[in-house]
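The next block holds one structure in the form of structure tokens; read it before the comments.
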Amino acid sequence: MANQDLLRIIRRGVAYWNRYREESVEHDHWTKYPDLSGADLRNADLRGAILGDDFSVGEGSKIIVVNLKGSDLRDADLRGALLRGTSLGGARLCGADLSGANLEDAHLQDADLTDAKLVGTNFKVHSALRANLTNAILEDVILPTEDESTFDISFLDLAMSSNLDKVHATSQPFIQGYLSRVFDYLHRPSIAEEKGTSRITGGTFAHFSGLVEKIRSINALLRTETPPQNLVKVVGIITDELIRYLQKHPEELFNIRPRQFEELIAEILKAYGWTVHLTPATKDGGYDLYAISKDISGVASSWIIECKKYKMQRKVGVDIARALYGLKTDLRVSSAMLATTSHFTKGVYDFKAAKYDFELRDYNGVLEWINNYRPNENGRLYVRRGKLILPGNPEYCAPGASS
């Protein structure tokens with residue numbers, strides 16, 4: 001529980017806090033771990049705050065690091081803050097700006113860094129196990145090198161965090177490069193000899209195999225090229241990066257990569273309660289998605305779905321429709337669906353006319369789906385005048401509001 005006297009001091013401002021801390025350390029008035037655990041510091045201006053060890057009081061002096069376990073630091077401004085050695089386990093750092101902050105040897109296990117900004121941040125942390133990095137921005141982050149690992153910091157600490165595949169779109173190339181280095185590092189011949197003796201994954205090598213598999217999977221998800229042939233992923237969440245990009249550039253719906261279009265269709269169907277599987281991007285099986293739907297009575301139906309990401313002027317022809325329907329028959333699945341960012345030729349509509357087990361979704365149909373998609377109970381996507389509108393756009397109307 002936070003020390004209320006310390007909480008009142010830090011709320012008086014960074015200058016007052018830093019001065020109080022310096023005087024207290026100088027006169028040996030403080031304990032080693034001043035307690036601000038569970039403190040409510042939402043939206044606090046903590047720029048340049050000294051909350052960790054600054055090594056400024058001379059050799060042999062007490063190390064002073066603040067205990068911020070479980071603290072609420074949502075949307076706090078921690079730019080340039082000194083957090084070296086600080087305990088931030090389970091802290092809520094959603095939306096916090098940690099640009100330029102020093103997190104060396106900090107404890108971040110189970111911390112929530114959703115939407116946090118880490119630009120130029122020293123991330124040589126003691127532990128980031130299960131730290132949530134969903135939509136976090138990581139730019140010019142300072143990490144330990146492969147050969148810099150010690151008992152306190154490790155090159156692999158960032159890899160032990162959660163949701164690396166869901167970092168902000170601008171940070172995905174950085175994460176992919178880092179994970180490629182991690183994968184190579186874990187396969188060094190010398191690493192096998194270090195199992196159980198080196199602090200590679202937190203004191204032991206017990207999670208070695210799991211970490212390798214995790215890195216392989218995340219790298220596949222982030223890769224802009226084709227993922228491994230054997231990758232079949234059950235879609236669990238929407239690609240937030242794609243949606244945020246379309247929010248700023250709705251016209252880019254026609255310029256997204258084909259794989260992204262497949263993922264978008266998969267998530268939309270999942271939002272309707274379907275179970276959806278993405279086939280490997282390198283497949284040549286004639287379809288992109290395999291899905292199971294259930295009607296209101298609970299009866300399940302199987303689907304194969306082909307997604308064609310075409311320019312508006314390029315229509316999908318009847319040959320593709322015939323091939324997909326023929327594959328449906330060969331595989332003995334219930335139904336087939338053809339979805340596209342463009343439109344279908346008259347021949348496709350004629351072919352579909354008498355087939356109840358063959359569905360078509362053209363550009364307008366996909367926009368209708370997007371219109372009905374609800375990423376959470378408080379939000380939705382919709383289209384106005386042919387343009388994708390998302391929460392945050394000035395033209396956005398909240399659910400239930402008149403448009």
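The values are calculated or read from the model by the stated rules, or taken from the named source; none is laboratory data. Bear in mind the structure is a predicted one, so any value in this text is a computation, not a measurement. So basically every Cβ, Gly included, is an ideal-geometry build from the backbone, and we count neighbours across all protein chains shown.
For the range 3-20, the condition holds for no residue, the condition being that it is surrounded by 18 or more Cβ atoms within 10 Å (Cβ to Cβ) and either modelled with pLDDT under 85 or small (Gly, Ala, Ser) (or both).
Restricting attention to the range 288-328, which residues are assigned to a loop (DSSP other than H, G, I, E, B), over 19 Å from ASN364 (Cβ atoms) and hydroxyl-bearing (Ser, Thr, Tyr)? Walk me through it before giving the result.
Here is the first cut: in the range 288-328, the residues assigned to a loop (DSSP other than H, G, I, E, B) are 288, 295-299, 309-315, 317.
Imposing the further condition that a residue be over 19 Å from ASN364 (Cβ atoms) reduces the set to 288, 295-299.
Passing the criteria: only SER297.
Determine if the range 100-112 includes at least one residue that is farther than 19 Å from GLY13 by Cα, modelled with pLDDT of 95 or more and touching a Cys at 6+ places or on another chain (Cβ under 9 Å). Yes, that holds for at least one residue. If you check ASP330, ASP295 for being under 34 Å from the mean Cα position of the chain (by Cα), of a type in the set (Asp, Glu), at pLDDT below 85 and over 18 Å from GLN260 (Cα atoms), only one passes: ASP295. Tallying residues that are in a loop (DSSP other than H, G, I, E, B) and more than 24 Å from CYS94 (Cα to Cα) within the range 156-183 yields 0.
Of a type outside the set (A, V, I, L, M, F, W, C), in contact with a helix residue (DSSP H, G or I) (Cβ under 6 Å, 6 or more places away or on another chain) and either farther than 18 Å from ILE256 by Cα or loosely packed, with under 13 Cβ neighbours inside 10 Å (or both), is that true of GLY317?
Values: of a type outside the set (A, V, I, L, M, F, W, C): yes; in contact with a helix residue (DSSP H, G or I) (Cβ under 6 Å, 6 or more places away or on another chain): no; either farther than 18 Å from ILE256 by Cα or loosely packed, with under 13 Cβ neighbours inside 10 Å (or both): yes.
So GLY317 does not fit the description; no.
Provide a single number: the residues in the range 86-125 that are of a type in the set (S, T, N, Q) and farther than 17 Å from VAL65 by Cα. Residues meeting the conditions: 3. LEU253 falls short of the stated requirement of being modelled with pLDDT of 85 or more and surrounded by 16 or more Cβ atoms within 10 Å (Cβ to Cβ). When VAL235 is tested against the conditions (1) modelled with pLDDT of 55 or more; (2) within 16 Å of MET337 (Cβ to Cβ), the lone failure is (1).
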